[in-house]
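One structure is given here, and the rest of the page talks about it.
The values are calculated or read from the model by the stated rules, or taken from the named source; none is laboratory data. The structure presented is a predicted model; accordingly, all values stated were derived computationally and were not measured. Heads up: the accessible areas ignore ligands, DNA and RNA and are worked out on the full protein's heavy atoms, side chains in. Shrake-Rupley method; radii C 1.70, N 1.55, O 1.52, S 1.80 Å.
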Amino acid sequence: MQATTQLLHSIPVDAQTGAIAVPIYQTSTFVQEAPGVNKGYDYSRTNNPTRATLEQIVAELENGATGAAFSSGLAAIDAVIKLLESGDHIIAVDDIYGGAFRLFDKVYKKFGISVSYVDTSDLDAIAAAIQDSTRLIWLETPTNPTLKISDIKAIAALAKENNILLCVDNTFASPALQKPLDLGADIVVHSGTKYIGGHSDVIAGLVVTKTKELGSQVKFYQNACGAVLSPFDSFLLIRGLETLHLRIKQHCRNAASIAGFLAQHPLVDKVYYPGLSSHPNHATAKAQQEDFGGVVSFSLKTDTIEAATAFVTATRFFHLAESLGGVKSLVSHPASMTHKSIDEWRRKAAGVSDSLIRLSVGLEDASDLISDIDTALALVAATHSSSVTI
Ligand SMILES: *Cc1c(COP(=O)(O)O)cnc(C)c1O
């Protein structure tokens, strides 16, 4: 069976009514026949039928044993870190999502959990960072915003050898393009806010574990700490999932066209897209992903914050906003938005130059998106370029 058919038919028809859409069980509690005698549900923080359906669908989609849905991607990440104990050590991708860095650095550090940030596209660098107390390797691949790729299979083997858990934040690829559990990871997390929700209308997070044992630990923390996804938001994610493969196919197609256009544009310096053969990790991306995703980053030859600002305020179809993965295209300027709080040297070392621009390529027609970019670049040239003429 093909992936889309499998996904669509993993969404159950309601047994009680025959409803083809998953019902929203907007209820806090469930009536019991006698104390402890119920129909499988007692209180919606612990379990809710709409959320349970979403969790089952996502577990199947990622080929895992257990799914857990949270009220944000960060709550999902938080639940995974709670598997650790004081004194434990994490090896994390250096290009990590800013919110995850803040959680590690400002919250878990004070509880005695330490983190080494490593270029995880370099296996030797990971091996060198392993300590006796290392319990978890934290990957994002592709990363934000420079779309660096790490070899999940090789890192999973290294993790297993050293009895370390491997968790992959699969937000940028989505399960339509990459299945970390099949490549040896123990845990997958998602910001469901992005491609899984897909319509920029919900904040959500997901955890899927390879084993039932890990799953029941995550479920314990989900209930104990309480950052659960609401029934309505669970419904929105299920509805988003119905078109996941279709949307991702078009996101990838549009992004590839745009990356190709940018790569030959005289005002553009570097283009970051794993689908370009010039991308340093192109071969790894090709081996572990079905396609190369919907995010494209690029820098300008005029490498200034002013030139980038001129671009991001000139586009018509790319709205200036944080986030990614929705049907409408978005543009962002990491140096003055998501990465603003990071020290300038650290930001630049991570490849986030002053003019780096990130596009979340949506589902508009590629020709309209390209002419929008072309027009905005021409405006930058007219106002901010001293040395380059077109
Ligand atoms: C957005 C994002 C998160 C955080 O998700 P929220 O739903 O915003 O809490 C985590 N990881 C990555 C890669 C993201 O892009």
*Roughly speaking, to the nearest percent, how much of the chain's 1.4 Å accessible area is carbon and sulfur?*
53 percent
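Sorting 1, 337 by accessible area (1.4 Å probe), largest first, what list results? Working shown, then result.
Working: 1 165, 337 50 Å².
So, going from the largest accessible area down, we get 1, 337.
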_Nonlocal Lys pairs with alpha-carbon distance under 23 Å, region 3-241 (8 or more apart, or different chains)_ = 25
*5 Å-binned pair-distance histogram of region 1-118 (Cα, whole percent)*: 2, 9, 14, 15, 14, 13, 12, 10, 7, 3, 1
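Determine the per residue accessible area of the chain with all protein chains present and a 1.4 angstrom probe, expressed in square angstrom. Each step should come with its number before you reach the end.
Numbers: 16950 Å² over 390 residues.
With the other protein chains kept in place, the chain gives 43 Å² per residue.
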*For region 107-122, what does the Karplus curve 6.51 cos²θ - 1.76 cosθ + 1.60, with θ = phi - 60°, yield as ³J(HN,Hα) per residue in whole Hz, taken in order and with x for Gly and Pro?*
10, 7, 4, 6, 9, x, 9, 9, 9, 9, 9, 9, 6, 6, 7, 10
*asked:* When a/c reaches 1.5 or more, the comparison of a/b and b/c decides; with that in mind, is region 93-146 rounded, prolate or oblate per its Cα gyration tensor?
replied: oblate
_For a quick check: with amide H placed at 1.01 Å from N, whose amide H comes under 5 Å from residue 166's, ignoring anything fewer than 5 positions away on the same chain?_
137, 186, 187
*Order of exposure, largest accessible area first, which applies to 358, 346 with probe 1.4 Å*: 346, 358
*asked:* Under 8 Å for C-alpha pairs, at least 6 residues apart: give me the relative contact order for region 261-322, rounded to a whole percent.
replied: 31 percent
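State the three equivalent ellipsoid semi-axes of region 106-186, derived from the C-alpha gyration tensor as the square roots of 5 times its eigenvalues, in descending order and whole Å.
Sorted largest first and rounded, they come to 20, 16, 12 Å.
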*Counting only the heavy atoms of the protein chains, how much of residue 107 is accessible to a 1.4 Å probe, in Å² to the nearest 10?*
60 Å²
*Which percent of Cα pairs goes in each bin when the distances of the chain are cut into 10 angstrom slices starting at zero?*
5, 23, 31, 24, 12, 4, 1, 0
